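The values are calculated or read from the model by the stated rules, or taken from the named source; none is laboratory data. From a predicted model like this one, the values you see are computed outputs, not experimental measurements. Ideal geometry is used to build each Cβ from the backbone, glycine not excepted, and the neighbour counts take in all protein chains shown. In case anyone asks, the SASA skips ligands and DNA or RNA and just uses the protein heavy atoms, side chains included. Shrake-Rupley method; radii C 1.70, N 1.55, O 1.52, S 1.80 Å.
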Amino acid sequence: MEELINQMRQWLTQEGFHVIRAMHNDTLPRLQNFLIAVGAGEIRTQDATVCDYLGKDSAGSLYYGRPLRAELTFEVCSTWRQGAAGCDGAAVSLLKALRKDEAPFHCTGISLGRTSFDPKANCFRRTVTAAGPMWMYYACRAAESGGEDEA
C-alpha cells in the first residue's frame with residue numbers, strides 16, 4: 001500500500017498539486033495555499049477464499065492471490081483566507097484528477113466528506129475517499145507449496 005501512496009503522491013505532484021504523506025497526528029506544515037495529504041484507508045477482501053491459484057512462471061514459482069478492495073484517503077486542506085470555497089474548489093480539482101485514465105489507482109468509487117474549519121490547524125479540511133480494486137499476491141517455489149517437485 002505504501003508503494004501505491006508514493007505513486008499517487010508523485011503523480012498528483014506532476015498534476016500540479018501540493019501533496020504530502022498523511023501523518024498519524026494532526027500536525028500540518030504552515031499553509032500558504034491548499035495541500036493534499038494522502039494516506040491509506042480500509043483494505044478489505046472481496047471474497048472469502050484464502051487465496052486462489054494464479055499460475056506458474058518459467059522459473060517454477062507458483063503464484064497465489066486474491067482480490068481486495070482498497071481505499072486511499074485524501075485530506076484536502078486550505079488556508080482560512082481561502083475559505084471553505086477554496087477547500088471545495090481544491091477537492092473538485094482532485095476529483096477530476098482521480099478520474100483520469102492515467103491515474104495510478106483506478107477508482108471505482110469516490111466519496112466526499114463535509115468541509116469544516118479546524119481551529120487547531122487554522123485551516124479548512126475536506127476528506128476525499130477513493131476506493132478501487134487491488135490484488136494481493138505472493139509467489140513460492142513449487143517444492144515449498146507442497147505441490148509439484150522441482151526438476
Could you work out the local net charge near VAL38, counting Lys and Arg as +1, Asp and Glu as -1, over the other residues with Cβ closer than 12 Å to its Cβ?
-1
Hull surface over four for the Cα convex hull of the chain, reported in nm², is 11.2
Output the 0 to 90 degree angle, nearest 10, between the alpha-carbon long axis of helix 2-14 and the longest principal axis computed from the alpha carbons of the chain.
40
Accessible area per residue, Å², the chain with all protein chains present, probe 1.4 Å
61
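Run the helix sum for the chain: -39,500 (n - 2.57) per DSSP H stretch of 4+ residues, divided by residue count, reported at 222 nm to the nearest 500 deg cm²/dmol.
Working: 2 runs with 29 residues, N = 151.
Here the helix-only value at 222 nm equals -6000 deg cm²/dmol.
What is the gain in length, in nm to one decimal, between ASP101 and PHE117 on full extension, counting 0.36 nm per residue of separation less the C-alpha to C-alpha distance?
Values: separation 16, 0.36 × 16 = 5.76 nm, distance 3.25 nm.
Taking 0.36 nm per residue and subtracting the Cα distance, the gain is 2.5 nm.
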Count charges around GLY113 for me, please; just the other residues with Cβ under 10 Å from its Cβ, Lys/Arg as +1, Asp/Glu as -1.
+2
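What is the extension gain from CYS140 to ILE43, computed as 0.36 nm multiplied by their sequence separation minus the C-alpha to C-alpha distance, in nm to one decimal? Before the final figure, lay out each step's value.
Details: separation 97, 0.36 × 97 = 34.92 nm, distance 2.35 nm.
Residue separation times 0.36 nm, minus the Cα-Cα distance, leaves 32.6 nm.
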Net charge contributed by nearby residues that have their C-beta within less than 14 Å of ALA103 (K/R +1, D/E -1)
+1
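At a 1.4 Å probe radius, carbon and sulfur cover how many percent of the accessible area of the chain?
Numbers: 4490 of 9150 Å².
The computed percentage sits at 49.
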